[in-house]
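The block underneath contains the structure these notes are about, expressed in structure tokens.
The values are calculated or read from the model by the stated rules, or taken from the named source; none is laboratory data. Just so it is clear, the model here is predicted, and its values are computed rather than measured. Glycine also receives a Cβ, built like all others from the backbone with ideal geometry; neighbour counts cover every protein chain displayed. Calculation scope for accessible area: heavy atoms of the full protein, side chains included, ligands and nucleic acids excluded. Shrake-Rupley method; radii C 1.70, N 1.55, O 1.52, S 1.80 Å.
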Amino acid sequence: MADVTTLHAVITQRFSPLIKNAVIAINELTLEVPPEHLHELAKALRDVKELEFNMLIDVTAVDYLHYGLSEWETESATSSGFSRGVEASNFTTKKSTHQPRFATVYHLLSLTQNHRVRLHVPLEESKLMVASVVDLWPSANWPEREVFDLFGIMFTGHPDLRRILTDYGFIGHPFRKDFPLIGNVEVRYDATLSRVVYEPVSIEPRILEPKVIRDDTRYAAGEPNA
Amino acid sequence: MSKLPEIRNYTFNFGPQHPAAHGVLRLILEVDGETIVRADPHIGLLHRATEKLAESKPYNHTIGYMDRLDYVSMMCNEHGYVLAIEKLLGVEVPIRAQYIRVMFDEMTRLLNHLLWLGAHALDIGAMTVFLYCFREREDLLDCYEAVSGSRMHATYYRPGGVYRDLPDKMPKYKPSRWHNEKETAEWNAAREGSLLDFIWNFTERFPGRVDEYETLLTDNRIWKQRTVNIGVIEPERAIALGFTGPMLRGSGVAWDLRKKQPYEVYDKLNFDIPVGTKGDCYDRYLVRIEEMRQSNRIIRQCVEWLRKNPGEVMIDNHKIAPPTRVDMKEKMESMIHHFKLMTEGYCLPPGEAYAAIEHPKGEFGVYLVSDGANKPYRLKIRPAGFPHLAGLEELVKGHMIADVVAVLSSLDIVFGEIDR
């Protein structure tokens, strides 16, 4: 597999005006690309001979609304612990440590050069729109539909932007962090009406294990064991 | 002058309840006579939001959900997931655990390809192969059971290694009202030794069994009429559509992550990558048949290594892997570790990672975003079959309705992973 640092050097040298940031972490190269430059950069990454990213592995998105927020304060001692089965907390009082709220993520692979790159396209909540790359890689078709379905991000120039995984007539974008895990509606068969009816969910959202953030390095490799 | 009858294309549903739809696929077909003009797959009928569920659970709770993605190649799904976690944690898995993982990955590949072969043949009209394939699957599922206690949804791979070492003895059949001692003794003949002995015995038998399938199909005139030149895909087009695995190799592209981007111990093993020439259903069949023979080779090398090299199968870091029961009862620290791991789990450092493995169906990738918590912030699974099904329309356009079934089953589709 090709060396990621040389790839980093080649890409930053050639495309620095199009890229906001290029980071290597865990031997993976991530390029942060503003949405307006995505299509141009993607085309170049595909067509430049020594890069030749001829396969688009995946398109996905991340909603950073609750990034870095924990459900249980662990920094200071509290008089109350965290019992199981508590009501879902809302994070509205706290602010995510990651801005802007959304990002689309592209994983590219070059079969000829044998290297990978990840594109990170940050998107403001007020303008959830990014250029489609279906014209560059036809394999983007379904993944972009999926992102549209689950996150509500629009892809301009997509030939067929329909919902794909959710039910016909589904309302909302279920993978957004403010969409409840239990959903909003439930279905059942109503014998009197002799059809399937939709009703508001009857179960309570609960948390069984709290989300805890421990930002000490105790879990890093090479730590002495007890 | 007689009036010409008005001829219109006919649109109809294939599925969601159709035995050849391989699960819950609603395929809307538009036909002109018997020729396919348009095919629009409607998926999502099995959508369970695995990725969203994972966001609400500590990391280890999700391993079991991975088995239920592609429910015919269970351990390979787990493998992709634990690799992503290990990548973020930065831990090195003991070498014996790596061999065990590779061995079970290849056994899983056999499980997957056997089910695929049986179902593919059944779709095209050959009943016998299905029964033959299930005979061999039975032995492999017994290995799953011996090692994890479960025949399908194993939850055997854990971040840091595997759940436990290979057992020294195989479970045996017991005589009953229906099966007397003579019968069970015959079945138990291969089960007298350890699990490794049983697997070794299986690998001795298996190539002959593959020959049996080939006798039934490879030169079968009807089989060839149904598969040769059906669903042809050019290599350039296959790459553009994001095809991986046997779908890509069937078109002649020698791309296999086990060779090109080796993980675990694949770089220490000898095996070949079969490729097709034409990229039709028949070539994909031949590729998968040869992959079964190659997997058999890999399993044999792993068994030989594992027999000679006992050792740890789990990392020694009890911040990630639970301590032994014995330790727990004697040491306070181990007790605390166990309690914290079982109630809270472990936290991953903030960051993101993408881990890909060569799944029996193609590239299975897991993209993991962590914000430093004990739960994934975002988990994205890149299912191998998803792009294949997306490319279905191109493959079936211009073919007959009956060919849709042949092409669809040659894609090796499982809805557990496509709908997630």
If the viscosity is 0.890 mPa s and the temperature 25 °C, what Stokes-Einstein diffusion coefficient in µm²/s follows for chain B when Rh is the Kirkwood radius over Cα pairs? 107 µm²/s
Can you give the average number of partner chain beta-carbon atoms within 10 Å of each beta-carbon in peptide A:54-64, as a whole number? 6
Give me the 1.4 Å probe accessible area per residue for chain B, excluding ligands and nucleic acids, in Å². 39 Å²
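Quick check: from the Cα gyration tensor, does region A:124-222 come out rounded (a/c under 1.5), prolate or oblate?
Oblate, since a/c reaches 1.5 and b/c is not below a/b.
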Output the 0 to 90 degree angle, nearest 10, between the alpha-carbon long axis of helix B:281-308 and the longest principal axis computed from the alpha carbons of chain B. 10 degrees
Please compute, for peptide B:346-353, the average count of beta-carbon atoms on other protein chains lying within 10 Å of each residue's beta-carbon. 5
Would you work out the relative contact order for region A:112-207, in percent, from Cα pairs under 8 angstrom that are 6 or more residues apart? 17 percent
Rounded to the nearest 20 debye, dipole of region B:304-420 from Cβ charges on Lys, Arg, Asp, Glu: 380 debye
Per the Cauchy relation, a quarter of the hull surface: what is the mean projected area of the convex hull of the alpha carbons in region B:14-157, in nm²? 11.0 nm²
Can you find, among B:V369, B:I336, B:Y285, the residue farthest towards the positive end of the dipole of region B:273-378? Put +1 on the C-beta of Lys and Arg, -1 on that of Asp and Glu. B:Y285
Using the charge dipole of region B:11-55 (Lys, Arg: +1 at Cβ; Asp, Glu: -1 at Cβ; taken about the Cα centre), state which of B:H42, B:P19, B:A54 has its Cα farthest towards the positive end. B:A54
Have a look at B:G64, B:G311, B:G15 and tell me which one the Gaussian network model of chain B (Cα, springs below 10 Å) gives the largest fluctuation. B:G311
Figure the gain on full extension for A:A44 and A:T192 (residue separation times 0.36 nm, minus the Cα-Cα span) and round it to one decimal in nm. 47.2 nm
Multiply the residue separation of B:R237 and B:D40 by 0.36 nm, subtract the distance between their alpha-carbon atoms, and state the gained length in nm to one decimal. 69.0 nm
Binning every alpha carbon pair distance of region B:1-82 at 5 Å from zero, what are the percents per bin? 3, 12, 14, 14, 12, 10, 10, 8, 5, 4, 2, 2, 2, 1, 1, 0
Can you list the aspartates and glutamates whose alpha carbon sits under 14 Å from that of B:K361, skipping same-chain ones fewer than 8 residues off? B:D70, B:D105, B:E106, B:D256, B:E291, B:D412, B:E417
Taking a straight Cα-to-Cα line shorter than 16 Å from A:K127, and setting aside same-chain aspartates and glutamates fewer than 8 residues away, one finds A:E36, A:D63
Is region B:240-300 rounded, prolate or oblate when judged by the Cα gyration tensor, a ≥ b ≥ c being the square roots of its eigenvalues, rounded requiring a/c under 1.5 and prolate requiring a/b larger than b/c? oblate
Buried by partner chains in region B:208-244 (accessible area down by at least 40 Å² vs chain alone, 1.4 Å probe, heavy atoms, protein only) are B:I239, B:A240
Averaged over A:171-178, number of beta-carbon atoms from partner chains that fall within 10 Å: 2
If you line up the Cα atoms of region B:46-127 on their principal axes, what length do they span on each, largest first, in Å? 49, 34, 14
Computed FRET value (nearest 0.05) for B:S150 with B:I7, which takes r as the C-beta separation and R₀ as 45 Å: 0.25
If you take all C-alpha pairs in region B:5-52, what percent of them are over 15 Å apart? 54 percent
Please build a GNM for chain B, connecting alpha carbons under 10 Å apart, and tell me which residue among B:G362, B:G250, B:G208 fluctuates the most. B:G208
Two decimals, Cα atoms only, Kirkwood Rh: what is Rg/Rh over region B:356-420? 1.15
Across 5 Å bins from 0, what is the distribution of all Cα-Cα pair distances for region A:1-68, in whole percents? 3, 13, 23, 28, 19, 7, 5, 1, 0
Note the per residue figure in Å³ for the convex hull of the C-alpha positions in region B:198-279. 125 Å³
Rule-of-thumb check for region B:145-229: C-alpha Rg over 2.2 N^0.38 Å? 1.56
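Rounded to the nearest 500 deg cm²/dmol, what is the calculated helix-only ellipticity per residue at 222 nm for chain B, with -39500 (n - 2.57) per DSSP H run of length n ≥ 4?
Details: 18 runs with 202 residues, N = 420.
Result for chain B: -14500 deg cm²/dmol, rounded to the nearest 500.
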Past the 19 angstrom mark, what percentage of all C-alpha to C-alpha distances in region B:68-219 do you count? 59 percent
Cα axis of helix B:74-89 to longest principal axis of chain B: angle in degrees, 0 to 90, nearest 10? 60 degrees
Å³ per residue enclosed by the Cα convex hull of region B:291-420: 169 Å³
Once the in-chain neighbours fewer than 8 apart are removed, the lysines whose Cα is under 28 Å from B:K174 read B:K182
Förster radius 30 Å - calculated FRET efficiency between B:E214 and B:D32, Cβ distance, rounded to 0.05: 0.20
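How many percent of the accessible area of the protein assembly as shown is carbon or sulfur, using a 1.4 Å probe? Don't jump to the answer; show the numbers that get you there.
Details: 14930 of 27810 Å².
Summing carbon and sulfur atoms, their accessible area is 54 percent of the total for the protein assembly as shown.
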In whole Å, what are the Cα extents of region B:240-357 along the three principal axes, biggest one first? 64, 38, 20
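What is the Rg over Rh value, at two decimals, for the protein assembly as shown, using alpha-carbon atoms and the Kirkwood definition of Rh?
Numbers: Rg = 25.6 Å, Rh = 26.4 Å.
Here Rg/Rh amounts to 0.97.
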Give the shape of region A:90-179 as rounded, prolate or oblate, defined through the alpha-carbon gyration tensor: a ≥ b ≥ c are the square roots of its eigenvalues, a/c under 1.5 means rounded, and otherwise the shape is prolate if a/b is larger than b/c and oblate if not. oblate
Amide H neighbours of A:D58 at under 5 Å, excluding residues fewer than 5 places away on the same chain, with H built from the backbone geometry, are A:H107
When each pair of different Cα atoms in region B:37-83 is counted once in the 1/r mean, what is the Kirkwood radius in angstroms, to one decimal? 12.1 Å
Loop-resident GluC sites (Glu not before Pro) in region A:125-218 with no more than 16 other Cβ atoms inside 10 Å, DSSP not H/G/I/E/B, are A:E125
Could you tell me the center-to-center distance, by alpha carbons, between region A:31-63 and region B:1-59 in angstrom? 31 Å
List the chymotrypsin sites (Phe, Trp or Tyr not before Pro) within region A:124-172 that DSSP assigns to loop and that have no more than 13 neighbouring Cβ atoms inside 10 Å. A:Y168
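Looking only at Cα atoms, what is the convex hull volume of region B:91-180 per residue, in Å³?
Output value, Cα hull per residue: 118 Å³.
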Of B:R96, B:R325, B:R191, the one that fluctuates the most in a GNM where chain B has Cα springs shorter than 10 Å: B:R325
